[in-house]
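This report concerns only the one structure given below.
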Amino acid sequence: MENDIFKPENLVYTKTPVLNDTPMHYCPGCSHGVVHKLVAEVVDEMGIQEDTIGIAPVGCAVFAYRYFEMDFQEAAHGRAPAVATAIKRLYPEKYVFTYQGDGDLAAIGTAETIHACNRGENILIIFINNAIYGMTGGQMAPTTLEGMKTSTCPYGRDTTINGYPLNITDLLVQLKGTRYITRQSVHNAASILKAKKALKKGFQNCMEKKGTSVIEFVSTCNSGWKMSPAKANEWMVENMFKAYPLGDLKDI
Amino acid sequence: MGTKIKGAILVNEERCKGCGLCVVACPHDVLTLSKKVNAKGYNFATMEHPDACVGCASCGYVCPDACISVYRTKVESSN
Ligand SMILES: Cc1ncc(C[n+]2csc(CCOP(=O)(O)OP(=O)(O)O)c2C)c(N)n1
Ligand code: SF4
Ligand code: SF4
Ligand SMILES: [Mg+2]
């Protein structure tokens, strides 16, 4: 019988209940969705749903709190690491993480990011680097690649005018307050399984009082990049990984 | 008689946004986007070659909207 296979004992993968049924507002194929799902799966597998507090950013992920069945606090643009600092210090027994885009983390929130990391706050920073301001219509971000076209650099980023792509994750490695820094992606099954392990480690670190964990997800914004989701993943592998190579940068 | 791995998926058709990432992720070319659309107007993912599915869950992992449930079992094969 064809339908015999659809039995609970044969189920090998399905949506975790930590991600609720509210349809996510992200464009079809957006990396934000995959990372949301991974965060929910890790929180589920670690059994820490009641003990986790997320800080949502301003950017496309501004509504992140709608999708997770867990506590969340919205922060002003770029201020998530400062809000996370307060929450973690008030509730040291909680797993506290921020979820931030490149505009949020590496432009308006540069100071909050660097100082939270420098203080070694025992939080996890999840950094979605899609090299663009997705939410506001695809403007140039600090992380936009050299020559990459955006709505505010329609002829491509010119480093003589716009400066260089800011590799903020590399900068954070230098700070004594950081203990685990890794760069991951979610473009295929293998990278997703790897990224999930990194996320688990990042969450576990929150309880070890050894400093800040930062996980950068090199990501796509297929709408802002004006490509299909599949093409955006290919473009990311070809172009983004050169500027932002994957792998662990610090683990102490 | 040997045993063979058999897989199958269920797609949450109303939640699916038709991004097509599962279609390119499937190593066995099982999936396609349906000619039909859901209430939001998206061509949702569907199995075009269900017999080729091995239940590897690649499609499920890459789905940004957690629309895919994957099932896997062993079946007796006659060859
Ligand atoms: C104080 C303040 N300044 C500017 C804005 C406008 N704004 C909203 S989102 C955003 C940048 C979003 O880019 P990013 O953080 O990379 O997130 P993405 O949408 O790409 O995920 C900006 C500048 C704002 N909402 N608040
Ligand atoms: S604009 Fe870009 S980052 Fe925002 S939801 Fe769409 S694809 Fe994702
Ligand atoms: S479970 Fe594997 S073989 Fe089956 S449709 Fe999904 S990706 Fe293809
Ligand atoms: Mg961005």
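The values are calculated or read from the model by the stated rules, or taken from the named source; none is laboratory data. These numbers were taken from a predicted model, which means no experiment stands behind them. As a convention, Cβ positions derive from the backbone with ideal geometry for all residues, glycine included, and neighbour counts pool all protein chains shown. Quick note on the areas: whole protein, heavy atoms, side chains included, nothing else; ligands and nucleic acids left out. Shrake-Rupley method; radii C 1.70, N 1.55, O 1.52, S 1.80 Å.
When B:V62 is tested against (1) under 25 Å from A:N20 (Cβ atoms); (2) open to solvent by 20 Å² or more (accessible area, probe 1.4 Å), only condition (2) is not met. Summed over the stretch A:97-136, residues that are more than 13 Å from ligand 1 (Cβ to nearest atom) and acidic (D, E) total 1. Just one of the listed residues (A:H32, A:H25, A:H36) is more than 9 Å from chain B (Cβ to nearest Cβ), touching a Phe, Trp or Tyr at 6+ places or on another chain (Cβ under 7 Å) and modelled with pLDDT of 95 or more, and it is A:H25. Of the numbered criteria (1) within 24 Å of B:A66 (Cα to Cα); (2) open to solvent by 30 Å² or more (accessible area, probe 1.4 Å); (3) not aliphatic (A, V, I, L, M), the one A:P57 fails is (2). For the stretch A:123-143, the condition of being modelled with pLDDT of 95 or more, away from ligand 2 (no atom under 15 Å from the Cβ) and surrounded by fewer than 23 Cβ atoms within 10 Å (Cβ to Cβ) holds for at least one residue. Pairs linking a residue in the stretch A:164-175 that is in contact (Cβ under 8 Å) with a residue 40 or more places away in the chain to a residue that is open to solvent by 50 Å² or more (accessible area, probe 1.4 Å) and of a type in the set (D, E), with Cβ atoms under 8 Å and 6 or more positions apart or on different chains, are A:P165/A:E146.
Here is a yes/no grid of residues against (1) of a type in the set (V, I, T); (2) on the phi > 0 side of the Ramachandran plot; (3) outside any strand (DSSP E or B):
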position	(1), (2), (3)
A:A61	no, no, yes
A:G78	no, yes, yes
A:T85	yes, no, yes
A:R89	no, no, yes
A:T98	yes, no, no
A:L105	no, no, yes
A:N118	no, no, yes
A:E121	no, no, yes
A:F127	no, no, no
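Can you name every residue in the stretch B:28-59 that is facing another protein chain (nearest Cβ under 9 Å), in a loop (DSSP other than H, G, I, E, B) and not hydroxyl-bearing (S, T, Y)?
Here is the first cut: in the stretch B:28-59, the residues facing another protein chain (nearest Cβ under 9 Å) are B:40, B:42, B:50, B:55-59.
Narrowing further to those that are in a loop (DSSP other than H, G, I, E, B): B:40, B:42, B:55-57.
Those that are facing another protein chain (nearest Cβ under 9 Å), in a loop (DSSP other than H, G, I, E, B) and not hydroxyl-bearing (S, T, Y): B:K40, B:G55, B:C56, B:A57.
All of A:Y91, A:Y13 fail the test of being without any contact (Cβ under 8 Å) to a residue 40 or more places away in the chain, more than 9 Å from chain B (Cβ to nearest Cβ) and touching a strand residue (DSSP E or B) at 6+ places or on another chain (Cβ under 8 Å), apart from A:Y91.
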